[in-house]
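The values are calculated or read from the model by the stated rules, or taken from the named source; none is laboratory data. Just so we're clear, the structure is a prediction, and the values are computed from it rather than from any experiment. Here Cβ is always computed from backbone atoms with ideal geometry, including for glycine, and neighbour counts include all displayed protein chains. Each accessible area value is taken on the protein alone, full model and side chains, heavy atoms only, with ligands, DNA and RNA left out. Shrake-Rupley method; radii C 1.70, N 1.55, O 1.52, S 1.80 Å.
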Amino acid sequence: MDLLQTTLNIADRPCVVVGDTAQALLLANWLIQHQAIVTVFGNAPSSQAPHARLSFTSKPVSDADIDQCWLVVAASNDKAVNSKISAMCYARKCFCYTVDDPQLSSWQINHQQPSHGRVALVGAGPGDPELLTLRALRLIRQADVIVYDRLVSEAIMSCCNPAAELIYAGKAKSDHALPQESINQLLVRLAQRPANVVRLKGGDPFIFGRGGEEIETLAENQVPFEVVPGITAGSGCAAFAGIPLTHRDYAQACVFVTGHLRDGEINLEWEHLATPYQTVVVYMSLTGLDKICAALIRHGRAPDTPAALVQQGTHPEQKVYTGTIADLPALIAKSEVSAPTLLIIGEVVQLRDKLNWFTSEASTSS
Ligand code: SAH
């Protein structure tokens, strides 16, 4: 098809997005960024920030709705609905982008596809989009397909190419959306198309991110890939909580460990971690918090060693709970704490009293 390349002024013009898939919402947000007035025919997700130009309706789309708008995006997850919307638009001479069928689209978003598939394993950082690297931002803006995790924040997802196909591979502790092996294979399959595939992971992909396993499968299948580091939760949470991970007076070493329980146990080198004047940063530590603190005390770390639990670090909702390894578990037990949280243990935590700079409305300290 010979397409006319052009630019559109959609400022203050009504546009319609049909569907409430992640891609539909991304496109709706992209249209409002270009000053359109957008009605989404679908449910508003709780994560969607209210916007004067954006409204949601659960009504079905009528001919009158099409007559009143300039551009339509058919992005429902039902192919039949999309093709019906496309036919309605054709009949009423309204331009329609049908996300799952270029043949049914009378407009589309411009992007250049590479001649061969390639995968970028990209670290999205701990949540604040301004903590993305420039390279990560460029790659998510250019991506054709983005396979993303639960830990990647909404704010970061809204920076992605609105035309990209979004595939959720997220993991909650007990509900694995996709098993790791399927993710590894999925990336290989996606890269068989001539597409820029981004595997977007929270924090740094090589720090408790299983990024190594994913690119091992790519390497075995001769798929070209690159790795983009991200700010890991340990570093992001520490900075936003005002806790330097090392300090000439308080910590000459810093270790990152996982508190993930295997068969109810955490297997770590406790004698080593109990040594004073080192900072211990524990990922995936909420469930095992009591066990971690108790084991450190049992192996000789002073019970009054300061500790902080950072919840949703770097997000506007960040909360920091502080105490000692002796009393933090009880404080957390009586507070409403939700994942993700990061535990920082060590003498450096006391510096927060002086160095805490990031205040959010949710911020509490005790
Ligand atoms: N690759 C990631 C870590 C993945 S493991 C990284 O480099 O950051 C998931 C764990 O990371 C969570 O259980 C939590 O301990 C930590 N985490 C990730 N983002 C976080 C955030 N914004 N605030 C607090 N902890 C976070």
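Give me the net charge for the shell around Ala75: Cβ to Cβ below 10 angstrom, other residues only, Lys and Arg +1, Asp and Glu -1.
-2
Note down the relative contact order for the chain as a percent, whole number, built from C-alpha pairs under 8 angstrom at least six residues apart.
13 percent
Remind me, relative contact order of the range 64-130 in percent, using alpha carbon pairs under 8 angstrom and six or more residues apart? Don't jump to the answer; show the numbers that get you there.
Details: 65 pairs, mean separation 16.3, N = 67.
Computed value for the range 64-130: 24 percent relative contact order.
Could you give each residue of the range 201-218 its phi-based ³J(HN,Hα) in whole Hz, using Karplus coefficients 6.51, -1.76, 1.60 with θ = phi - 60°, and x for Gly or Pro?
After applying 6.51 cos²θ - 1.76 cosθ + 1.60, I find 10, x, x, 9, x, 9, 10, 6, x, 6, x, x, 5, 5, 7, 4, 5, 5 Hz.
Equivalent ellipsoid semi-axes for the range 234-355, as square roots of 5 times the alpha carbon gyration tensor eigenvalues: give them largest first, rounded to whole Å.
19, 18, 13
Antiparallel versus total DSSP beta bridges in the chain: what percent is that, nearest 5? Please list the in-between numbers first.
Values: 18 of 59 bridges.
Just about 30 percent of them are antiparallel.
Please identify the chymotrypsin sites (Phe, Trp or Tyr not before Pro) of the range 306-366 that satisfy two criteria: DSSP loop assignment and at most 13 other Cβ atoms within 10 Å. Which are they? Write down the numbers at each step before the final one.
On the way: sites: Tyr321, Trp357, Phe358; in loops: Trp357, Phe358.
Here the chymotrypsin sites (Phe, Trp or Tyr not before Pro) that fit, given the DSSP loop and packing criteria, are Trp357.
Using θ = phi - 60° and the Karplus form 6.51 cos²θ - 1.76 cosθ + 1.60, what ³J(HN,Hα) does each residue of the range 40-50 get, whole Hz, x for Gly and Pro?
Couplings: 9, 8, x, 8, 7, x, 4, 7, 6, 5, x Hz.
Using DSSP, restrict attention to beta bridges with both residues in the range 39-183 and report what percent are antiparallel, rounded to the nearest 5. Write out the running numbers ahead of the final one.
Details: 1 of 12 bridges.
Percent antiparallel among DSSP bridges in the range 39-183 is about 10.
Taking springs between alpha-carbon atoms closer than 10 angstrom, which of Gly313, Gly234, Gly323 fluctuates most in the Gaussian network model of the chain?
Gly323
For the range 1-117, with all protein chains present and a 1.4 Å probe, just round the carbon and sulfur fraction of the accessible area to a whole percent.
52 percent
Show that you can apply the helix-only estimate: for the chain, add -39,500 (n - 2.57) for every DSSP H stretch of four or more residues, divide by all residues, and state [θ] at 222 nm to the nearest 500.
The helix contribution divided over the chain gives -7000 deg cm²/dmol.
For the range 137-244, which trypsin sites (Lys or Arg not before Pro) are in a loop by DSSP, counting at most 12 other Cβ atoms within 10 Å?
Lys173
Reachable aspartates and glutamates from Lys59, Cα under 18 Å, same-chain residues fewer than 8 places away excluded?
Within the straight-line limit of under 18 Å, Lys59 reaches these aspartates and glutamates: Asp20, Asp67, Asp78.
Show Ile297, Ile156 ordered by accessible area, largest first, where the area counts protein heavy atoms only and the probe is 1.4 Å.
Heavy-atom accessible area, descending, gives Ile297, Ile156.
Pull the list of the chain cysteines that no other Cys approaches to under 4.7 Å, Cβ to Cβ.
Cys15, Cys69, Cys159, Cys160, Cys237, Cys254, Cys293
Could you work out how far the C-alpha centroid of the range 306-366 sits from that of the range 89-156, in angstrom?
35 Å
To the nearest 10 degrees, how steep is helix 22-33 against the longest Cα principal axis of the chain, on a 0 to 90 scale?
That helix lies at roughly 80 degrees to the long axis.
Provide the net charge surrounding Ile37, with neighbours chosen by a C-beta distance below 12 Å and charges set as Lys +1, Arg +1, Asp -1, Glu -1.
+1
Would you mind getting the accessible area per residue of the chain, heavy atoms of the protein chains only, 1.4 Å probe, in Å²?
Result: 51 Å² of accessible area for each residue.
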